[in-house]
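Heads up: the structure comes next, in structure tokens.
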Amino acid sequence: MTHPLPRYAHPATQVNRRNPSRLARLLSDVGAYRWQLRMNQTEFWTRYGATQSGGSRYEKGRQPHRAIQLLFALEEMGRSTRK
């Protein structure tokens, strides 16, 4: 059985580029999302199992680990089902 996404693929790039998903936008500007929640880096990134310094690197453009991307996706799915 093949994996649905190749190892090198970033989930945010797997969206329709004409209509990017909310998750893709979130991953592209996670710092703005953190500010929206009015949380500091330590508080925010601890929720996802990352350190403050790791979170800072993600906010500066480094790709978050797949586990963190998955947590973002699950959180977004939960948010969309509550509406």
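Coordinate-derived values only; no laboratory data. Bear in mind the structure is a predicted one, so any value in this text is a computation, not a measurement. Positions of Cβ are backbone-derived with ideal geometry, glycine not excepted, and every protein chain shown enters the neighbour counts.
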Within the stretch 50-77, count every residue that is touching a residue at least 40 places away in the same chain (Cβ under 8 Å) and touching a helix residue (DSSP H, G or I) at 6+ places or on another chain (Cβ under 7 Å).
4
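Sort out for me the helices (runs of 4 or more DSSP H) sitting completely within the stretch 24-83 that have 1 or more residues that are among the small types (G, A, S).
On the way: elements: 30-36, 41-46, 52-59, 66-81.
Per the criteria, 30-36, 52-59, 66-81.
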Of everything in the stretch 43-67, what is surrounded by 13 or more Cβ atoms within 10 Å (Cβ to Cβ) and hydroxyl-bearing (S, T, Y)? Give them in sequence order.
T46, Y48, S56, Y58
